[in-house]
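Structure record follows, encoded as structure tokens.
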Amino acid sequence: MPPMIRFMLTRLATGFAIGCGVGSFVWHNGFAAAGNSEDFLAQGLFIYLFASTISMGYLATALLLEE
């Protein structure tokens with residue numbers, strides 16, 4: 001696998017994992033007006049929202065700072 005593809009995939013996966021952690025933390029601590037905790041589809045979409053956003057930001061920052 002080319003080094004650039006490996007670089008991008010690892011940064012996206014790392015950012016996605018960080019975003020999943022943040023999304024879960026926000027959902028379970030009630031910082032968002034998300035309704036009840038039994039709505040698993042809403043919870044999954046909420047966590048995916050954080051994960052996808054943070055993964056793209058993590059990748060963009062890594063590409064910007066890479067020398």
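What number of residues within segment 49-67 satisfy the criterion of being open to solvent by 60 Å² or more (accessible area, probe 1.4 Å), touching a residue at least 12 places away in the same chain (Cβ under 8 Å) and of a type in the set (Ser, Thr, Tyr)?
Matching residues across segment 49-67 total 2.
Return the residues of segment 27-48 that are over 17 Å from residue 17 (Cα atoms), at pLDDT 75 or above and surrounded by 11 or more Cβ atoms within 10 Å (Cβ to Cβ); say none if nothing qualifies.
39, 42 - these are the residues of segment 27-48 that are over 17 Å from residue 17 (Cα atoms), at pLDDT 75 or above and surrounded by 11 or more Cβ atoms within 10 Å (Cβ to Cβ).
The values are calculated or read from the model by the stated rules, or taken from the named source; none is laboratory data. Just so it is clear, the model here is predicted, and its values are computed rather than measured. Virtual Cβ from ideal backbone geometry, glycine too; neighbours counted across all protein chains shown. For the accessible areas, the whole protein counts, side chains as well, though only heavy atoms, and no ligand, DNA or RNA atoms are used. Shrake-Rupley method; radii C 1.70, N 1.55, O 1.52, S 1.80 Å.
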